[in-house]
Structures are given as structure tokens and as C-alpha cells.
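Novice: Before I ask anything, here is the structure I am working with.
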């Protein structure tokens, strides 16, 4: 997906021929370590820094579009700060829970009323899982 960045825009859909997952990414474990330092393929520190940047952007008057609300909601969930948007799961997720939220967001993206939000959640979860290197939050004030 990193090789086709054109669909990596808020509200955009991947081309029909795009692979569902990248080849060569080993599966994540279904259980999180007791003292997790990572969630999926990303460190808690880098996800925390993104959430802090989002909060800073909001404090500076940034009006968040629905796609970025989804990104923020996904990052807050993977840090254990809120419930998952589409599965309702609580706590820092393991590999199976990340996959379940990705799948639920994908379904909501196709059928739900908040498709841009679902797209943001799915893209953020895909980034956390290591399925894309295209991190979906960018704000530079």
C-alpha cells in the first residue's frame, strides 16, 4: 500500500486491484505482553507522541475532519484510553483485537453512516499493525 500512496488521502478508497494485505508481514501475536512497550508493530511512545500532537493541534484551533477523528479515536484505543470505535473493546489490544477492529472498520467504511471516520480508524489500525508505513496523521501548525 505504501507503493500506491494516491489512495492514502482522507476519504479515499484503495484501487480495486490493491492487495488487502502486504506480503511478507508476519502475523502479530494474539496476546499482548504484560508490560507492553509496543502495540502491533509500533511503540507506545510513538503512538503517544501522535496523540499528544493531535491534542496540541486541537488546542491551536485545528478543526478536525471526520477522517482525523477516526485516526485519533484509533490511537486512543490502542493506548487503552478509550473503547474501540467499531468493536467496543477496551484496553490495549493484542493482534487478534487489532485485526477485529480493522475488519469492523472496513465493514463500517462500506456500509456505515460515518465512512470517513471508519476510513481513519482503519488506516490508523493498519499503520499500528504494520500493514502500511503511511502514518495517517499529519499536522504541522
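The values are calculated or read from the model by the stated rules, or taken from the named source; none is laboratory data. What you see is a predicted model; the values in this text were computed from it and never measured. Every residue, glycine among them, receives a Cβ derived from its backbone with ideal geometry; neighbour counts consider all protein chains shown.
Novice: Counting only residues that are in contact (Cβ under 8 Å) with a residue 60 or more places away in the chain and either under 16 Å from residue 47 (Cβ atoms) or not in a helix (DSSP H, G or I) (or both), how many does region 59-100 have?
Specialist: Qualifying residue count, region 59-100: 11.
Novice: Can you tell me which residues in region 64-84 are touching a strand residue (DSSP E or B) at 6+ places or on another chain (Cβ under 8 Å) and either surrounded by fewer than 23 Cβ atoms within 10 Å (Cβ to Cβ) or at pLDDT below 95 (or both)?
Specialist: 79
Novice: Moving on. Against the condition surrounded by fewer than 17 Cβ atoms within 10 Å (Cβ to Cβ) and more than 13 Å from the chain's Cα centre (by Cα), how does residue 41 come out, does it pass?
Specialist: No, not satisfied.
Novice: Next up: So, residue 15, is that one touching a strand residue (DSSP E or B) at 6+ places or on another chain (Cβ under 7 Å), in a loop (DSSP other than H, G, I, E, B) and either at pLDDT below 95 or surrounded by 12 or more Cβ atoms within 10 Å (Cβ to Cβ) (or both) or not?
Specialist: no
Novice: With 114, 99 as the choices, which residue is over 14 Å from the mean Cα position of the chain (by Cα) and crowded, with 16+ Cβ neighbours inside 10 Å?
Specialist: 114
Novice: Would you mind telling me which numbered condition in (1) within 12 Å of residue 121 (Cβ to Cβ); (2) in contact (Cβ under 8 Å) with a residue 12 or more places away in the chain residue 103 fails?
Specialist: (2)
Novice: Looking at 119, 53, can you tell me which residue is at negative phi, part of a helix (DSSP H, G or I), in contact (Cβ under 8 Å) with a residue 60 or more places away in the chain and surrounded by fewer than 18 Cβ atoms within 10 Å (Cβ to Cβ)?
Specialist: 53
Novice: Now for a separate question. Which residues, taken from region 98-132, are out of contact with any helix residue (DSSP H, G or I) (no Cβ under 7 Å at 6 or more places or on another chain) and at pLDDT below 95?
Specialist: Answer for region 98-132, where residues must be out of contact with any helix residue (DSSP H, G or I) (no Cβ under 7 Å at 6 or more places or on another chain) and at pLDDT below 95: 110, 111, 113.
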